[in-house]
Every structure is written in structure tokens, then in C-alpha cells.
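FYI, it's all coordinate maths here, none of it is from the lab. It should be emphasised that the depicted structure is a prediction, and the values quoted were computed from it without experimental measurement. Note: ideal-geometry Cβ built from the backbone for every residue, glycine included; neighbour counts use all protein chains shown.
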Amino acid sequence: MADKYDVIVVGAGLGGSVCAALLAKAGVKTLLLDKNSRVGGKAIGISVNGFRSENWPTFGIPMEAGPFVEAFRRLGIESKLDVAPGSFAMMYRPKGGKWATHVDAPGSKVEDATVNFFDSWGLDPEEREACLNVLAEMAMFTPEQLDELDDVSVQQWIADKGDVPGPIRGFLATHSNLMATGLYELVSISEIARIMQVFGGGGETGYPRGGYGRVVEDITDALEANGGKLLTSTRVERIVVEDGRVAGVETKDEVFRAPIVVSNAGIHPTVLKLVGEEHFDKSYVGYVKDIVPSLGFTSVRYIFSKPVMEHGVYVATTEDSYLDLERLDRMRDGIIPDEIALDGVVPCHFDPEMAPEGKQMLLLGTWCTPDPDGKELEAVHKKIDEMFDEMFPEAVPYIESREGRVGPAEISKVSRDSVLPGVGGEAAGLAVTVGYSGKSKPDPKSPLPGLFFVGHDAGGSGHLASHQAVNSGLNVASVVRFYWMERRSVVRS
Ligand SMILES: Cc1cc2nc3c(=O)[nH]c(=O)nc-3n(C[C@H](O)[C@H](O)[C@H](O)COP(=O)(O)OP(=O)(O)OC[C@H]3O[C@@H](n4cnc5c(N)ncnc54)[C@H](O)[C@@H]3O)c2cc1C
């Protein structure tokens, strides 16, 4: 029987959807399957009691450039991206001091960001200059320098510099959590610098009207408009291998055949479960098992009886609020650090239609282990609630409910299966550390002929979380299309 599809993409997360839609647009017969009833994966949209949002705080699309803009442009739907600007509140508490808030208002210049950070850290002129030098050096790294720094961790880079002021150390450690979803001892300084450079050159940053789920739906609409097929609520149980190469996928009810399968289901589950270790060389299986997961994230939904949160985004940090190896270890034992960073988004600040009239919702959370069975969540949620009450006492009387407490188990449920102990609930995906990022990012072309990976784990680098997944979708679509053309040149389809 002839193959029905040229390419099957498993998973309609950002990476899988972008890749599938671009392949369809290039004339490749493409099938996209997802186990969930809606597309989006970790960026899936939800609707609860008239509120629309993501499951957890998600923010940050530069409006002028970057992978999202590029994907919509290549799909010919650029006018649909529709990113709304909003105000961004940076909250900082110096040691023993009080919270201070500095706001990036919509329309503010990018240079203002440094001034705001430095103001919020309460730096004296000398410290300001030292911090500015560090950030300027990172902004000016050339592509060649960045490649060389792929093997240098943030911690190592800071240590080599010698006398770096405490706040910038805290800033880079925090941004290792925030931008690379990893630990500063392990994340490469080049990844943080690349992300800063992309955001610095991308124009104002905002949130997509209708949410990230809507963005993914626009992308899968483009897939269908270009002749591709989308099946939701369709879990792939197995990737079929025949004669040492990929032959299609098997669901509970059906087998779909194609000579190329692109998996957005995560490298761990794809290799270890959907295909099976027996189809790979032992050393490759060892390499895959060793790829380090990103941090997890856990959050709470605060519902207010009236609009009380003034800004669209809240990032609250202290010099000491980052997760490092030691704090993560203690968290695993249920011991929460004294200081934690908070990340919050108010979707209806950007799009009033995302909340019932007169009401408001804030998604607020922090980083944790990626373990779907993690023991730390109850204590972390208690800490988030305590911090909210201390930071926003004027909003407390208007809290109607604190609900939607989600963490790595829920992340895994909408994205990848947990197939190794302590792994599966990553906020971003895999491969964010030295040795697995930048030029060492896992190859999207697997050693099994016809099998490719797409999404955060492989094929993209130098971008923040969702952007990395989209960047991978753009890159992997090109790699797969070329492979498809090569195959056509030797096999009649
Ligand atoms: C709590 C949290 C906060 C975040 N905040 C931000 C943020 O502020 N900014 C930002 O840029 N990014 C953020 N991200 C990260 C971003 O959402 C992810 O990096 C990105 O969405 C990952 O996309 P992906 O393509 O790698 O795949 P995923 O989103 O992991 O999607 C994988 C898809 O594959 C499907 N699938 C898996 N297995 C199967 C199977 N067997 N059969 C069929 N389908 C299958 C899943 O259902 C899913 O749809 C956040 C993520 C989380 C969890």
C-alpha cells in the first residue's frame, strides 16, 4: 500500500505546529496528530468561568522580530499575530529592605530597561557602571564569541570576571531560571546572551491577544488551509519501525503510514517509549537519557472581584531568589528557600475579552523541580500566597478565589509523558545546559532513518522557551523538507 502521507508530525505544540504548517505550505502531504483535544501543548489555551488564559503565566513576544514574527511571516499570516503591548512591573527587594516597583510602560524605549533594573536594585553610580559594563559586554558578543562561550556556564563566566556586583550576579542567576529555565551553574552564558540580544533587537515585547493557544490555533489553521490534516484527541501509542527505518505511527484505532515522522512529543518519550530503545544504538540511548531537563514551574490562579492588578506582567526578585543546585536539592526534600522569585501575568490587561467584565485574573508562580511526583508543591504554593499577601495587601480583600494550582504533573499531562524518574514536567523542555545547548543542542535528525525531533528539545537554540520551540519548528521544517526531496529523488512516492 502506498504511504498516505509524506510526513507525520506527532504533537501540536508550538514546534510541531509550526513545522507541520510550513511543510504543508511547501506542498508536503502532512498529518499532524495530538493527544489533547486542543492544540498548543504547554501553551494550550484554557477557558474557566469566563476567563481565558494559559494554564500558567506565559509572556513575552517581541513585536517586530524573532521566531514568532518569522513563523507567521513564512506562513503568510503575519497580520494575525496580533501582539498587544502592556506594562511590565519589575519588583525588587534589597537585602532587609522593602519591595520597590519599577514599571516599563507600553511604548517605552528598550534602553529604559537597564535604568529600571538599576533603579530597582538601588545601585550607586559605581555599581551602575560595573553592571552596565557586564550587560554591554553580553550585548556585544559576536556570533563567534557566543559559539566559544557555549561551553562556559553563567557561574563560571561570573567567577572568571572577578569582582561582579551582587545584584548583577543575582540578575544573571535569576535570568538563568527565567530565560533558560535552568540553573546558573549549568546554563551556558552564551544562551542567556543570545536571548538578551534577540529581545534587545525585537522591539517592544507583548502578549498575543486571545492568548498563546490562539496563536497555535492560527498556525494549525494555516496547516489545514494548505492541505495538511490535523487530528486532535489522537494519542500516538507507537512509532512504527520496519526494516530499520520509520514507517508511520500507530494510535489506539489506526495505523497511519509515512516514511518520515517528526516527533514533538519530547526526545525522552520518543526514543525510550514511542520508538523503543531496541531500535537505537546503546550509546545513543545513553546520550538521550543523559540530556538534562529544564526546571519545572508551578502556579496559582488568583481571581479578583474587580480589576486590582495595575500591570500586565509582574516579575519579583531579590538578590537571593534564584534557584541553584543546592536550593533545588533542598526543594526536592520539601524545603523551600527563604526567598523565591515570582512571575505573574494578567492576560486581560492585554486583551479585555479574556475576563468577564469587571473581573480580573492573575496567574502567579515560581520555578521548581520538573518532577511530576514532586513533593515540594504544597509548601511552594503556601509561600506564593504569603508573598502575594505581603506584596499586594490592597488586592487581598478582592480575592474571590485562589485556584488552578498546577505544576509539573499538569505540565506533563498536556505535553510529554514522564518516562524517566523525576523528569517530564519541564516548563521549557530538555537541553538547556552546557554540553546540550548552543552548538551542542541535540541533532533534530535522529540516527533512525526517517525520524526527526522538533520542539524545545532539538533544532533551535539561543531563544527563550516558547521562542526556542518556534525556532526549532522553522529550522526542522527546512531540514525535513530537504530530506523529503532527497527521498523523492531516489524513491517514487
Ligand atoms: C509553566 C510554564 C510557563 C511558561 N512560561 C513561558 C513564558 O513566559 N514565555 C515563553 O516564551 N515560554 C514559556 N513557557 C514555555 C513554552 O510554553 C514551551 O517551551 C513551549 O510551548 C514548548 O513547545 P514544544 O513545541 O517544545 O512542545 P510542547 O508544548 O511540549 O508540546 C508537545 C505536544 O505533543 C503532544 N504529544 C505528546 N505526546 C504525544 C503522543 N504520544 N501522541 C500525540 N501527541 C502527543 C502534546 O499533547 C503536546 O501538544 C512556559 C511553559 C510552562 C509549562
*Quick one: dipole size for the stretch 285-362, taken about the Cα centre, charges +1 on Lys/Arg Cβ and -1 on Asp/Glu Cβ, in debye to the nearest 20.*
360
*Loop-only check: which trypsin sites (Lys or Arg not before Pro) in the stretch 364-398 are DSSP coil with at most 14 other Cβ within 10 angstrom?*
Lys375
*Taking the C-alpha atoms of the chain, how large are the radius of gyration and the largest Cα-Cα span, Dmax, in Å?*
22.1, 73
_For the stretch 151-244, size of Cβ-based charge dipole, Lys and Arg +1, Asp and Glu -1, in debye_ = 300
*asked:* Which three extents, in angstrom, do the Cα atoms of the stretch 19-107 have along their principal axes, listed largest first?
replied: 60, 32, 27
*Quick one: if you stick a label point 7 Å off each Cα along the C-beta vector at Asp333 and Lys98, how many nm between them?*
3.7
_Along the charge dipole of the stretch 241-397, pointing to its positive end and built from +1/-1 on Cβ of Lys, Arg, Asp and Glu, which listed residue (Val271, Val396, Ser299) has its Cα farthest out?_
Val271
*Which loop-located GluC sites (Glu not before Pro) does the stretch 1-76 contain, where loop means any DSSP state but H, G, I, E or B and the Cβ has at most 16 other Cβ atoms within 10 Å?*
Glu64
*In vacuo Debye scattering of the stretch 206-296, one point per C-alpha: log10 I(q)/I(0) at q = 0.12, 0.24, 0.25 Å⁻¹?*
-0.54, -1.21, -1.25
*Contour minus Cα-Cα distance for Asp163 and Glu486 (0.36 nm per residue)*: 110.9 nm
_Spin-label zone in the stretch 204-223 - amide nitrogen under 16 Å from a point set 7 Å from the Cα of Ser79 along the C-beta vector_ = 222
*With each label point set 7 Å from Cα along the Cα-Cβ vector, what nm distance links Ser283 and Val48?*
4.8
*Please figure out what share of the DSSP beta bridges in the chain is antiparallel and state it in percent, rounded to the nearest 5.*
70
*asked:* I'd like the distance separating the alpha-carbon centroids of the stretch 143-196 and the stretch 94-108, in whole Å.
replied: 23
*Of the GluC sites (Glu not before Pro) in the stretch 364-396, which ones lie in a loop per DSSP and count no more than 12 other C-beta atoms within 10 Å?*
Glu394
*With a 10 Å radius around each residue's Cβ, average the other Cβ atoms per peptide and rank 245-254, 133-142, highest first.*
245-254, 133-142
*Considering every Cα-Cα pair within the stretch 4-58, what fraction, in whole percent, is farther apart than 18 Å?*
41
_In nm, spacing of pseudo-spin labels at Ser37 and Arg235 (7 Å Cα→C-beta vector)_ = 1.5
